[in-house]
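The values are calculated or read from the model by the stated rules, or taken from the named source; none is laboratory data. Since the model is a prediction, treat every value here as computed from it, not as a measurement. No Cβ is skipped: glycine too gets one built from the backbone with ideal geometry, and neighbour counts run over all protein chains shown.
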Amino acid sequence: PKKSFDIAWTIYVGWMPWPYAADSGIVKKWADKYGIDIKVTQINDYVESINQYTAGKFDGVTLTNMDALTIPAAGGVDTTALIVGDFSNGNDGVVSKTAKTVAELKGQSINLVELSVSHYLLARALDGAGLAEKDVKVVNTSDADMVAAFKAPDTTTVVTWNPLLAEVKAEPGANAVFDSSKIPGEIIDLLGVNTETLKDNPDFGKALAGIWYETLALVADPGAKGKEAREAMAKQSGTDLAGFEAQLAATKLFAKPADAVAFATSPDIMKTMDLVRTFSFDHGLLGDGAKSKDVVGIGFAGDKTLGDAANVKLRFDPTFMQMAADGRL
Amino acid sequence: MRRAMNIRPGGGARVLLALMPFLLLALVYVFGSAERRAANPNDKLLPPISEMADTTARMATEPDRRSGEIVLVSDTVASLQRLALGLGLATLIGLTLGVALGVLPAANAMGGPLVAVISMIPPMAILPILFIVFGLGEMSKVVLIVIGVAPPIVRDIAMTVQAIPVEQLVKAQTLGASTWTTVLRVALPQALPRLIETVRLQIGPAFLFLIAAEAIAADSGLGYRIFLVRRYLAMDVILPYVAWITLLAFLMDFALAKLARGAFPWAYVGERR
Amino acid sequence: MRRAMNIRPGGGARVLLALMPFLLLALVYVFGSAERRAANPNDKLLPPISEMADTTARMATEPDRRSGEIVLVSDTVASLQRLALGLGLATLIGLTLGVALGVLPAANAMGGPLVAVISMIPPMAILPILFIVFGLGEMSKVVLIVIGVAPPIVRDIAMTVQAIPVEQLVKAQTLGASTWTTVLRVALPQALPRLIETVRLQIGPAFLFLIAAEAIAADSGLGYRIFLVRRYLAMDVILPYVAWITLLAFLMDFALAKLARGAFPWAYVGERR
Amino acid sequence: MSAISVRDVWVEFGDQIVIENLNLDIASGSFVSVVGPSGCGKSTFLRLVLGQDRPTRGSLTLDGQPLRDEPDADRGVVFQRYSVFPHLTVLGNVLAAYELGESRFAARLFGAKRRAAIEKADDLITAVGLAPHRTKYPSALSGGMQQRLAIAQALAKDPKVLLLDEPFGALDPGTRAQMHALLKPLWARLGMTVIMVTHDLKEAFGLGTRVIAFDKTRHDPQAPGRFGAKITYDLDLTRDSPVPVLGFLKPPAETMAAQ
Amino acid sequence: MSAISVRDVWVEFGDQIVIENLNLDIASGSFVSVVGPSGCGKSTFLRLVLGQDRPTRGSLTLDGQPLRDEPDADRGVVFQRYSVFPHLTVLGNVLAAYELGESRFAARLFGAKRRAAIEKADDLITAVGLAPHRTKYPSALSGGMQQRLAIAQALAKDPKVLLLDEPFGALDPGTRAQMHALLKPLWARLGMTVIMVTHDLKEAFGLGTRVIAFDKTRHDPQAPGRFGAKITYDLDLTRDSPVPVLGFLKPPAETMAAQ
Ligand SMILES: Nc1ncnc2c1ncn2[C@@H]1O[C@H](COP(=O)(O)OP(=O)(O)OP(=O)(O)O)[C@@H](O)[C@H]1O
Ligand SMILES: Nc1ncnc2c1ncn2[C@@H]1O[C@H](COP(=O)(O)OP(=O)(O)OP(=O)(O)O)[C@@H](O)[C@H]1O
Ligand SMILES: [Mg+2]
Ligand SMILES: [Mg+2]
């Protein structure tokens, strides 16, 4: 059987524990315990990391719930949300130089990473204000250039996530119009793992859960050890301790596995995923062959499903988080 | 046996030989695609050719759900406009600056080192500055193309003009020419054929910068589409788009080559191939 | 008054003229920076030169807390390794394929059109495919450089070899040469000086592709760093890095120029400028 | 009138002295052949008269006026190569002689002026025997035809002085003889001052009314650049008796014409 | 022995017939000059003998064996230009003649073999008078010196046949005479068969033991390509009496040597 596994991560506050775990030896410790090998690789470009996972180059990847549905799952790669790490609670936001409310966005040109959770956030914001997406003009803008984009004189509004959001909000004259704390629990950050690999190698899943919760305990630790860990993560993500802690504050991190299990088994997550798949279908993200939003099935705890039960490709499976909560790792 | 270097395939054989590698590549693709599909029926990486044809046909004929425009057409129009503007401006700058640097020793002393340094700067790295100075609209895309493509044109034209035998410049002066009329009637016309050749060489880089700029901020364009659908690994869109860009580049190259030969017969006298 | 075209600045004046535009640019920068700082003391876009110097000094001397390496050094080493591998491979491919296409009419009939088409494909657009095929390690970065840079080298070398007068090839055969010895002693040595010139022209594109590849997947390298800090618009890092890349490219260009002139004196006999 | 006088002229390139204290008077309407070993400074002397180079010391005058220190329409020139414009046809090349100088901005003539210029150009083209080729580009002409074109072009501005730097050096002997047959009567008719550099002594004596030989008179093997060239022979061939110099005889007029 | 015979040879390029039914026997050791108007097919004929071109119909034999249809060491060649390697020194160029053929993989000789080759090369270089220039690159040589080098190179392989296509066409008359003085005794000494194309009738008659003139005998102005060249004159100059042809006399041997 497979002995060595690769997972990929990209810079985002909720995923920074991964590189820290790798650097500090936590990954090795757990991998050795189960007699396997786990390699943690950084990818600069978020979309590329998911593409690589979808193409089979990685066994696991850090990603959001929406991207898990639209990229690997819609691409036929059965993916299990092994770890539900956090949800964005202000980490994604709409910032404008001119508008103070969502309603004032009408008719504006808005820069964002198209078809990403930012796009979803905007759609939800507009929805809440009684506007539709066609009331604004969306301009696809790469995340790496969002800060520069906001400084450009002709840019009025951007939608982005942290750490970029913090940079943009710090600009003189910037108004935070909307953020993800208004739709709590809808933008979920996961570790997705190939379902087949996981079925064949349950030890891989156990090791990952073990790594994650040991590291998160450090992140949440208010003492010196925790500070040192957070400082290292801050550095790695290109900011300082204060900046990193501000981002953490906007993140609902499930430091305890029991919290994560509770979230992943609550009925709200089904509602969220229904909203997400509706948005995805409306934007053609489920593939051109998709006849309805039901085409890709989503599985939840307790054998509940959304959409095509015969084609379940994304599974919210709390088994391993439960094991961590029960201390059975 | 004749030596390999003496074996010259005739007309028919040449065509066959030229087609062979393409057919081979197509074959490899078809098999690779079939194999991946067999392993995963939802595989997106190597879609069968039929699927790509379907997607292309849809994009080339049916209006888009969101914008109401025919995607392939609007993308192509948007990109070609940017490209034409960028390449056009770069050509103009290249010709004016290049001829100036080539004819005037003082201008060359001043501008030569500057252009040499600028041409070594990787344009992609200074994109943020471009955005802030020129905004995120069409302007910054055009400027990126110009910055990437103009310096080599300038240098090449300057070198071409400097390579005009000094005898000709002296001759023009003995016929009463001023610096201006020498430029207009001696340097410029002799730089034009080379200008077209240089611009031909810059079509590839221009597309590169266009795609890079469109990847970063745009709401239409060939590069925009490729980088947008890259999100969901839609190779059935990416591959036809890449082929389409390649074809466009090829056609532009061909048209320029024809133009040069038509407009400047004197410069192509020695050409036989 | 002499005509402008006849005014040749002497040695000292040349140096002054060459420096002028750079000084002007520096001046504009200093003023722009001061003005932005006055308006917004936290401005990151145009950091004062002193700040950039500080950042550079820090990156060039202090070891990174996490990795223990000196950032600028490790970035430079990583990038230069990739670049050297990529350019080296492309050069090797360019020389072998180019000479083969140039000497063998049959190979040219087969490979010529293929190379022409490949050289028109914008490499950036097929980047996702490259990553899938070659993985995310050093390989894919090197391959992107090779794909971007080898086709023009191949075409250029093929053209150079084809331009060798047929008289020389016939002469070699009358001296008993086979195809192989003709390649080895006649075609190859005459292609080498041009090879160096072509590689010089490809240094810019090679850096471009390197940066593009490092932007997507890397954990060190000059492009990686630029894209990492680009999120925060840390121009105090980006600008010195851009300057450093430009300097590196310049030095490589200069070294190759020297090498060519040293190694192939016969090819530079007519050179005076 | 177009007499040239050269006074105390030195030409140095850096350390190297090429021409050393040259003094020379050239009468209006004479045909001066300049000969001498390769590298002795013949072309440098021609470029001096042309205004392309400037003397390090000394002065040159044309009809008593200081020579302009850059080429102008007073002095026509034909080089060994590259002196026609490859991008213009035969007619275009000669027409350019009128357009370059007379139209200051567009450098083109229109209407009646253009028609007049074409007429003059056609006369010149006919005079040098290129009438059947007037719409061809130089690349389609033989070397000799290109030099004829260069001569036509140089004559278009009616220069006071015509400077020729090995104009027939690259031509084969037959063509060379044809060019002599063309040039001699043209010069005789137009009466301009001609200075021609040549390596061919027969040509120098056959065409010239005066032959000047340049050479270095002193050689320091340790410092070859320390001594410049001077005039070593200066022969007036207008006297109608044979002039025996360097083993050559001035050939009688008839034999020259037959060549 | 190196006799060439040409039987019923036709050369056509597409529609154009260049050589029409050529029959010719060239005796071993003769020096054949080929003359004729430009474009009549002289070079084509030479390329045929060289093996660079192939006849459309007909056959060529060397000493009774069919000629190999590509160039080989049996046939040396000197073109008007480009026949030396610009990237090798004078010595390197001649040495290449030994290295290209004798070392199949490295195309280089080492040790004793190399020393022997250098010795032979040096002899040849001395024979053509280039000894003082043996380490120079061709670009540093004059046109005449380059052609000497090309000859030395061609002789290195002791070819049965030496083919010369206007070898001195680009040289000035003085150099040309020197080349004649070099070539004639070399040929006399080595005894190979020489075929030389030239435009210079004096040269053709001065060097050749036989002069062949090519020309088209029929012209159809509507279809200039329909008729190819034939041999219009074929003169044996070995008879020791003057042969008056085309207004030329075979000059007595002494005048030739003095040239
Ligand atoms: N611009 C220059 N800079 C430096 N040296 C020069 C320059 N022009 C000519 N020389 C030197 O001056 C000397 C004379 O050159 P010039 O061309 O006048 O000789 P020439 O008599 O015309 O020779 P040739 O018969 O070969 O044409 C040469 O040694 C040459 O190297
Ligand atoms: N490869 C070729 N393809 C087509 N036509 C050719 C080719 N080679 C020669 N010809 C034609 O054959 C004819 C004879 O050419 P060739 O070079 O043999 O003439 P030539 O007698 O050597 O002339 P010259 O004295 O000018 O060298 C010319 O009309 C030429 O255009
Ligand atoms: Mg000279
Ligand atoms: Mg010929």
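Among A:G192, A:G210, which is at pLDDT 90 or above and part of a helix (DSSP H, G or I)?
Working: A:G192 fails: part of a helix (DSSP H, G or I).
Answer to the selection: A:G210.
Residues are listed down the side, and each one gets a yes or a no for (1) among the β-branched types (V, I, T); (2) touching a residue at least 40 places away in the same chain (Cβ under 8 Å); (3) more than 30 Å from A:L122 (Cβ to Cβ); (4) surrounded by fewer than 23 Cβ atoms within 10 Å (Cβ to Cβ):
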residue: A:S4; (1), (2), (3), (4): no, no, yes, yes
residue: A:I26; (1), (2), (3), (4): yes, yes, yes, yes
residue: A:K33; (1), (2), (3), (4): no, yes, yes, yes
residue: A:I38; (1), (2), (3), (4): yes, yes, yes, yes
residue: A:S49; (1), (2), (3), (4): no, yes, no, no
residue: A:T54; (1), (2), (3), (4): yes, no, no, no
residue: A:T62; (1), (2), (3), (4): yes, yes, no, no
residue: A:N65; (1), (2), (3), (4): no, yes, no, no
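Quick one: how many residues across the range E:22-53 are loosely packed, with under 15 Cβ neighbours inside 10 Å, more than 10 Å from ligand 4 (Cβ to nearest atom) and free of Cβ contacts under 8 Å to residues at least 24 places away in the same chain?
From the range E:22-53, those loosely packed, with under 15 Cβ neighbours inside 10 Å are E:23, E:25, E:37-39; that's our starting set.
Checking the rest, the ones that are also more than 10 Å from ligand 4 (Cβ to nearest atom) come to E:23, E:25, E:37.
If we keep only those that are free of Cβ contacts under 8 Å to residues at least 24 places away in the same chain as well, we get E:23, E:25.
Selection size over the range E:22-53: 2.
Only one of (1) touching a Gly at 6+ places or on another chain (Cβ under 9 Å); (2) touching a residue at least 40 places away in the same chain (Cβ under 8 Å); (3) away from chain D (no Cβ under 14 Å) fails for B:L248. Which number is that?
(1)
Just the residues that are farther than 29 Å from B:R58 by Cα, in a helix (DSSP H, G or I) and small (G, A, S), please, taken from the range B:242-273. Explain how you work it out, then say what you get.
Taking the range B:242-273 first, the residues farther than 29 Å from B:R58 by Cα are B:256-273.
If we keep only those that are in a helix (DSSP H, G or I) as well, we get B:256-263, B:265-268.
Matches in the range B:242-273: B:A257, B:A260, B:G262, B:A263, B:A267.
Looking at B:F209, B:F134, which is the one that is surrounded by fewer than 23 Cβ atoms within 10 Å (Cβ to Cβ) and within 30 Å of C:V229 (Cβ to Cβ)?
Values: B:F209 fails: surrounded by fewer than 23 Cβ atoms within 10 Å (Cβ to Cβ).
On inspection, the qualifying residue turns out to be B:F134.
Tell me, which helices (runs of 4 or more DSSP H) wholly within the range B:131-216 include 3 or more residues that are in contact (Cβ under 8 Å) with a residue 24 or more places away in the chain and touching a helix residue (DSSP H, G or I) at 6+ places or on another chain (Cβ under 8 Å)?
Working: elements: B:138-162, B:166-174, B:179-182, B:188-216.
Helices (runs of 4 or more DSSP H) meeting the threshold: B:138-162, B:188-216.
Of all the helices (runs of 4 or more DSSP H) wholly in the range A:1-82, which have at least 2 residues that are closer than 23 Å to A:D203 by Cα? Give the derivation first.
Working: elements: A:17-24, A:26-33, A:46-54, A:65-68.
Filter on the range A:1-82 gives A:17-24, A:26-33, A:46-54.
Name the residue that is farthest from D:A154 (Cα to Cα), counting only residues in the range D:75-91 that are of a type in the set (S, T, N, Q) and more than 7 Å from chain B (Cβ to nearest Cβ). Can you show your working first?
The initial filter retains those residues of the range D:75-91 that are of a type in the set (S, T, N, Q), namely D:80, D:83, D:89.
When the remaining residues are screened for being more than 7 Å from chain B (Cβ to nearest Cβ), the result is D:80, D:89.
Working: D:Q80: 13, D:T89: 16 Å.
Applying the filter and picking the extreme gives D:T89.
Which residues, taken from the range D:29-74, are within 12 Å of another protein chain (Cβ to nearest Cβ), more than 16 Å from ligand 3 (Cβ to nearest atom) and either in a helix (DSSP H, G or I) or not acidic (D, E) (or both)?
As a first pass, look at the range D:29-74 and keep what is within 12 Å of another protein chain (Cβ to nearest Cβ): D:38, D:43, D:46-47, D:49-54, D:68-74.
If we keep only those that are more than 16 Å from ligand 3 (Cβ to nearest atom) too, we end up with D:51, D:54, D:68-74.
Listed by number, the residues that qualify are D:G51, D:R54, D:R68, D:P71, D:A73.
With the requirement that a residue be out of contact with any strand residue (DSSP E or B) (no Cβ under 8 Å at 6 or more places or on another chain) and more than 23 Å from B:L208 (Cα to Cα), what does the range B:54-96 give you?
Result: B:D54, B:T55, B:A57, B:R58, B:R65, B:R66, B:S67, B:G68, B:T96.
Looking only at the range A:140-169, filter to residues that are in a loop (DSSP other than H, G, I, E, B) and under 19 Å from the mean Cα position of the chain (by Cα); which one of those is nearest to B:A215 (Cα to Cα)?
A:S142
E:V94: aliphatic (A, V, I, L, M) and either away from ligand 4 (no atom under 16 Å from the Cβ) or more than 8 Å from chain C (Cβ to nearest Cβ) (or both), yes or no? Show your work before the answer.
Working: aliphatic (A, V, I, L, M): yes; either away from ligand 4 (no atom under 16 Å from the Cβ) or more than 8 Å from chain C (Cβ to nearest Cβ) (or both): yes.
Criteria met by E:V94.
State all residues of the range A:132-166 that are within 11 Å of chain B (Cβ to nearest Cβ), of a type outside the set (A, V, I, L, M, F, W, C) and without any contact (Cβ under 8 Å) to a residue 40 or more places away in the chain; if no residue qualifies, say none.
A:E133, A:K134, A:K137, A:N140, A:T141, A:S142, A:D145, A:K151, A:P153, A:D154
Give just the number: which of (1) under 15 Å from the mean Cα position of the chain (by Cα); (2) away from chain D (no Cβ under 14 Å) does B:L195 not satisfy?
Every condition holds for B:L195 apart from (2).
What number of residues within the range B:217-241 satisfy the criterion of being not hydrophobic (A, V, I, L, M, F, W, C) and not in a helix (DSSP H, G or I)?
Just the residues of the range B:217-241 that are not hydrophobic (A, V, I, L, M, F, W, C), to begin with: B:219-221, B:223-225, B:230-232, B:236, B:240-241.
If we keep only those that are not in a helix (DSSP H, G or I) too, we end up with B:219-221.
The qualifying residues number 3.
For the range E:32-72, how many residues are more than 26 Å from C:T182 (Cβ to Cβ) and out of contact with any helix residue (DSSP H, G or I) (no Cβ under 6 Å at 6 or more places or on another chain)?
Summing the residues that are more than 26 Å from C:T182 (Cβ to Cβ) and out of contact with any helix residue (DSSP H, G or I) (no Cβ under 6 Å at 6 or more places or on another chain) in the range E:32-72 gives 14.
Run down B:L201, B:L228, B:L259 and say which single residue is modelled with pLDDT of 90 or more and more than 14 Å from chain D (Cβ to nearest Cβ).
Values: B:L201 fails: modelled with pLDDT of 90 or more; B:L228 fails: modelled with pLDDT of 90 or more.
Going through B:L201, B:L228, B:L259 in turn, the sole match is B:L259.
Considering each residue of the range B:160-176, count those that are crowded, with 24+ Cβ neighbours inside 10 Å and under 16 Å from B:A100 (Cα atoms), and give that number.
Number of matching residues: 1.
Of the residues E:I231, E:I212, which single one is away from ligand 3 (no atom under 16 Å from the Cβ), at pLDDT below 85 and of a type in the set (V, I, T)?
Being away from ligand 3 (no atom under 16 Å from the Cβ), at pLDDT below 85 and of a type in the set (V, I, T) holds for just one of E:I231, E:I212, which is E:I231.
In the range C:118-130, which residue that is in contact with an Asp or Glu (Cβ under 9 Å, 6 or more places away or on another chain) and in a helix (DSSP H, G or I) is farthest from A:A55 (Cα to Cα)?
The initial filter retains those residues of the range C:118-130 that are in contact with an Asp or Glu (Cβ under 9 Å, 6 or more places away or on another chain), namely C:120, C:127-128.
Applying the additional criterion that residues be in a helix (DSSP H, G or I) yields C:127-128.
Details: C:L127: 14, C:P128: 10 Å.
My answer is C:L127.
Can A:I50 be described as touching a Phe, Trp or Tyr at 6+ places or on another chain (Cβ under 8 Å), farther than 21 Å from C:R225 by Cα and of a type in the set (V, I, T)? Before you say what the answer is, go through the steps one by one.
On the way: touching a Phe, Trp or Tyr at 6+ places or on another chain (Cβ under 8 Å): no; farther than 21 Å from C:R225 by Cα: yes; of a type in the set (V, I, T): yes.
Criteria not met by A:I50.
What number of residues in the range B:42-82 are in contact with a helix residue (DSSP H, G or I) (Cβ under 6 Å, 6 or more places away or on another chain) and assigned to a helix (DSSP H, G or I)?
11
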